[in-house]
Amino acid sequence: MKLIAQAKLKTDPEQTSALRSTMEQANACCNWLSGQAWEHGIFSQFKLHKLAYHEARRLFPTLSSQVVVRCIARVADAYKLDRKTRREFKPLSAVSYDARILRWYVLRQEVSIWAIGGRLRLSYEVGERQRALLTTLQGEADLVFSDGVFYLSQVCNVEEPPIIEPQGFLGVDLGIKNIATDSDGNQYAGGHLNGLRARHARLRAKLQHKSTKSAKRLLKKRSRKEHRLSHHVNHVISKRLVERAKDTTRGIALEDLKGIRERVSVRKAHRRQLNSWAFYDLRQKIEYKAKLAGVMVRLVDPRNTSRTCPVCGSIDKANRPDQATFRCQACGFSGHADIIAAGVIARRAAVDQPYVSA
């Protein structure tokens, strides 16, 4: 499995200036290469290298040959998604490094990194988990500049344990009011996070309306704060769900919510909540943590999971009169809607769906 280890670089003003200049030159080279690719309709790495390498070396003489090679690869990768728009690179966008221009000294917590003016020997800071990941580093690293600090994001190859054959499934219902609810009845409420999001939205609107220097400074200071909080909450929830499934020798059953924002229509007052719903981020965290723990993850069809009665199988929109309540119109069975939906998800994952010919 590929995971990312992030290390914070310790730089003095001179080293900071050298790395900034390197990023600016590399991104200028990427923009020129992107223009060549767009003009000639050549987007593969091999053909773009053949077309533009020597000219790029002439136009950007401060960059080493290997940095130019990485720039060509980066531009080719940028056009893999689609070729409908020309790709542009910001002056301080992340820059890719490989083993020829970056070397890790994990035991000493140092790196040797190429920069304009010569290689730099820098120390770095990491946590225990990141330090363990760096022992399995493999492939490229990205040099990232964020909030005045340089980081290296290194790809690491972690060996996955074999998946344990599950003895049943732990169903997980994802939502906005309750971020996650499992079929054992455990709920991970989202009220605190949703309240903070609403508060941040009001504060952002107020500061943007003021548009003063101090307001812009505060906006910059608070940038990505909500994003970091959401990621932290999702890490905590995913860790608990995977631990519960592993301890009970079960797999994890999730709804496949891909495209949910296009399928669901909500009132204007609730659009912000739907668009800030980080369900896919939570799913990714559950999936990679489950792989590391040997826990199976199975995706199920999300249709009518919150409207299906687990007793009689009746499906009716009226079975869910409000967000928290489930009351079957056919047999009268009732309970908490999210817990019942999680149980339905668990049962769907446990049943092998038969193949039906069209």
Any residue at all in segment 126-140 that is in a strand (DSSP E or B) and surrounded by 13 or more Cβ atoms within 10 Å (Cβ to Cβ)?
-> yes
Does Lys50 fit the bill of being assigned by TED's automatic domain parsing to the domain that holds Thr11, exposed (fewer than 13 other Cβ atoms within 10 Å of the Cβ) and within 23 Å of Tyr151 (Cα to Cα)?
-> no
For segment 309-324, indicate whether the set of residues that are in the same structural domain as Asp184 (by TED's automatic domain parsing), within 22 Å of Ile179 (Cβ to Cβ) and outside any loop (DSSP other than H, G, I, E, B) is non-empty.
-> no
Segment 292-307 residues that are on the phi < 0 side of the Ramachandran plot, paired with ones that are β-branched (Val, Ile, Thr) and in a helix (DSSP H, G or I) (beta carbon under 6 Å, 6 or more apart) = Ala293/Val242; Val295/Val242; Val300/Ile345; Thr305/Val344; Thr305/Ile345
Is it the case that Ser65 is exposed (fewer than 15 other Cβ atoms within 10 Å of the Cβ), touching a helix residue (DSSP H, G or I) at 6+ places or on another chain (Cβ under 8 Å), among the polar types (S, T, N, Q) and in the same structural domain as Gly35 (by TED's automatic domain parsing)?
-> yes
Might you check whether a residue that is assigned to a loop (DSSP other than H, G, I, E, B), surrounded by fewer than 16 Cβ atoms within 10 Å (Cβ to Cβ) and in contact with a Ser or Thr (Cβ under 7 Å, 6 or more places away or on another chain) occurs anywhere in segment 77-86?
-> yes
Positions within segment 217-254 being over 18 Å from the mean Cα position of the chain (by Cα), charged (D, E, K, R) and modelled with pLDDT under 90, in sequence order | Arg217, Lys220, Lys221, Arg222
Residue check: is Ser146 surrounded by 13 or more Cβ atoms within 10 Å (Cβ to Cβ) and either under 19 Å from Leu9 (Cα atoms) or of a type in the set (D, E, K, R) (or both)?
-> no
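So that you can scan it fast, the table gives a plain yes or no per residue for (1) within 29 Å of Arg222 (Cα to Cα); (2) charged (D, E, K, R); (3) in contact (Cβ under 8 Å) with a residue 40 or more places away in the chain:
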site	(1), (2), (3)
Gln130	yes, no, yes
Thr136	no, no, no
Glu140	no, yes, yes
Val144	yes, no, yes
Gln154	yes, no, yes
Val158	no, no, yes
Ile164	no, no, yes
Ile176	yes, no, yes
Arg202	yes, yes, no
From Arg307, Arg320, grab the single residue that is surrounded by 14 or more Cβ atoms within 10 Å (Cβ to Cβ), over 26 Å from Asn234 (Cβ atoms) and either modelled with pLDDT of 90 or more or in contact with a helix residue (DSSP H, G or I) (Cβ under 7 Å, 6 or more places away or on another chain) (or both).
-> Arg307
Would you mind stating whether Arg74 is buried (at least 16 other Cβ atoms within 10 Å of the Cβ), in contact with a strand residue (DSSP E or B) (Cβ under 7 Å, 6 or more places away or on another chain) and modelled with pLDDT of 95 or more?
-> yes
Kindly indicate whether Leu63 is more than 21 Å from Ser146 (Cβ to Cβ) and in contact with a Cys (Cβ under 7 Å, 6 or more places away or on another chain).
-> yes
How do the pairs read when you match residues in segment 35-63 that are within 21 Å of Trp114 (Cα to Cα) with residues anywhere that are in a loop (DSSP other than H, G, I, E, B), using Cβ under 6 Å and keeping only pairs 6 or more apart or on different chains?
-> Thr62/Ile116
Within the bounds of segment 22-36, is there any residue that is at negative phi, in a loop (DSSP other than H, G, I, E, B) and either out of contact with any Leu (no Cβ under 7 Å at 6 or more places or on another chain) or in the same structural domain as Phe145 (by TED's automatic domain parsing) (or both)?
-> no
Any idea which of Ser34, Ser93 is touching a Lys or Arg at 6+ places or on another chain (Cβ under 6 Å) and surrounded by 17 or more Cβ atoms within 10 Å (Cβ to Cβ)?
-> Ser34
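The values are calculated or read from the model by the stated rules, or taken from the named source; none is laboratory data. What you see is a predicted model, and the numbers here were worked out from it, not measured in a lab. Here Cβ is always computed from backbone atoms with ideal geometry, including for glycine, and neighbour counts include all displayed protein chains.
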